[in-house]
Amino acid sequence: MINEEINEKTTTYLASIAVEPAVRDKGIGSQLLSTYMKKAEELNFKYLSLITSTKSTETLNFYEKHGLSRLENERDYSPESTKSGNIFMIREIDTEKNSIIHV
């Protein structure tokens with residue numbers, strides 16, 4: 001089960017990625033994510049993980065387009081006082097088999 005393999009030795013956590021709205025849809029975000037994943041692979045990480053908001057369908061679509069999936073048993077990872085709809089997403093890193101650049 002994937003849950004048993006996720007730990008600080010196997011999984012890198014992407015805190016944030018952002019592209020100015022004026023220059024979106026030019027492949028910049030995809031290139032940033034691809035570069036991050038290649039470096040993570042060089043460092044022998046097996047998984048890429050992140051937490052993102054369910055409020056932005058644009059953001060969810062971006063990560064799903066690049067192979068990230070909502071972790072099974074999805075739940076809200078927000079602090080109890082905010083419950084904004086954040087979810088945990090993950091994908092296996094294998095940049096040779098799964099290039100993620102979609103320009």
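Bear in mind that the values in this text are calculations on the coordinates, not laboratory data. Remember, it's a predicted structure, so these values are computed and weren't measured experimentally. Cβ atoms come from the backbone with ideal geometry, glycine included; neighbour counts cover every protein chain shown.
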TODO: Could I have the simple spin-label model distance between Lys65 and Ile51, label points 7 Å from Cα toward Cβ, reported in nm to one decimal?
DONE: 2.6 nm
Open item on the list: Using the basic label-point model (7 angstrom from Cα toward the beta carbon), what is the Gln31 to Leu43 distance in nanometres?
Closed with: 2.2 nm
- [ ] Have a look at Ser34, Tyr47, Thr11 and report the one farthest towards the positive end of the charge dipole of region 1-49, computed about the Cα centre with Cβ charges (Lys/Arg +1, Asp/Glu -1).
- [x] Ser34
Task: At most 13 other Cβ within 10 Å, DSSP loop - trypsin sites (Lys or Arg not before Pro), region 12-42 - done: Arg24, Lys26
